[in-house]
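Single-structure report; data block below.
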Amino acid sequence: MLNEYLAAFIQTLAAIGFAGIALGLSVLLGKKGKDSKIKQTPYECGMLPIGEGAPRFSVKFYLVAMLFVLFDIEVVFMYTWAVQFKDLMQESSMALVSMASFVTLLTVAYVYALKKGALSWNS
């Protein structure tokens with residue numbers, strides 16, 4: 001069994017060795033650059049950077065975005081279930097019970113998000 005993985009093990013060792021040798025040679029043979037204040041400033045297409053770079057977004061924006069993605073993905077699951085609903089109901093009524101419990105769980109999560117004020121922009 002060990003013979004099956006021998007080629008992969010040798011290739012892994014060769015890759016790690018090459019990466020280590022390449023990094024070591026670049027440190028030993030590379031030029032040493034001098035640090036200056038002008039090199040540490042961000043490049044703005046030839047313009048001098050004045051002020052802050054990008055405006056700061058509220059955490060509420062990211063929270064609403066994550067909730068949107070979460071509930072949007074759940075709709076995708078519901079769509080695929082609805083497409084197969086007729087076939088699922090011929091086999092068993094458990095498909096309806098499982099989707100009802102899924103929708104109940106989503107409703108509870110949505111009410112919880114509303115109670116916590118996750119969708120309120122005023123606070």
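The values are calculated or read from the model by the stated rules, or taken from the named source; none is laboratory data. The structure presented is a predicted model; accordingly, all values stated were derived computationally and were not measured. Glycine gets a Cβ as well: all are built from the backbone with ideal geometry, and neighbour counts include every protein chain shown.
Brief remarks follow.
- Residue in the stretch 51-77 that is surrounded by the most Cβ atoms within 10 Å (Cβ to Cβ), counting only those that are in a helix (DSSP H, G or I) and among the acidic types (Asp, Glu): 74
- Qualifying residue in the stretch 29-47 (condition: modelled with pLDDT of 90 or more and assigned to a helix (DSSP H, G or I)): yes
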